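The values are calculated or read from the model by the stated rules, or taken from the named source; none is laboratory data. This is a predicted model, so every value here is computed, not measured. For neighbour counting, all protein chains shown are included, and Cβ atoms are generated from backbone atoms with ideal geometry for every residue, glycine included.
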Amino acid sequence: MELTIYTKEYDTADTIRNFMDFYYNLRMEHLASDLLSKGLSPKQISDAVTMAIKIAKVSNIEIQQHFKLMYSAINRQIIQDCKLSHLGYGLVLMNANPNLSVVGDFQIHVLNEFFK
């Protein structure tokens with residue numbers, strides 16, 4: 001049974017915010033947990049997401065456009081996850097443990113493209 005709450009008046013700001021959240025969510029094609037298959041541990045991913053969000057904040061990037069905290073089910077366990085835009089995914093990967101070859105390869109690729 002589902003509970004529906006009826007309201008006679010809707011706050012326009014809430015409606016717009018909900019629409020924008022839905023729109024941003026559609027553009028987030030990556031999950032932070034995808035990095036588990038690339039060799040990162042849950043702790044490394046968590047640290048990289050935290051760092052990426054900090055970088056986005058100081059760069060005046062709107063967090064809700066690139067990062068959405070959520071939960072995922074992996075191997076019958078519920079884990080805290082983060083849905084990411086392309087930029088968010090790149091920031092997380094750039095700030096992950098540099099001792100992993102996937103991180104180093106990504107950083108080199110980004111720098112090569114930057115200097116072209």
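Which one of these is under 23 Å from Arg27 (Cβ atoms), hydroxyl-bearing (Ser, Thr, Tyr) and over 9 Å from the mean Cα position of the chain (by Cα): Ser101, Ser85, Ser72? After applying the criteria, what remains is Ser72.
Residues that are hydrophobic (A, V, I, L, M, F, W, C) and under 12 Å from Asn97 (Cα atoms) within the range 16-59 comprise Leu35, Leu40, Ile45, Ala48, Val49, Met51, listed in sequence order.
Cβ separations smaller than 8 Å between residues 6+ apart or across chains give the following pairs from the range 56-73 residues that are hydroxyl-bearing (Ser, Thr, Tyr) to residues that are modelled with pLDDT of 90 or more: Tyr71/Asp81; Ser72/Leu31; Ser72/Ser33; Ser72/Asp81.
Being modelled with pLDDT of 95 or more and of a type in the set (Ser, Thr, Tyr) is a property that Ser33 lacks.
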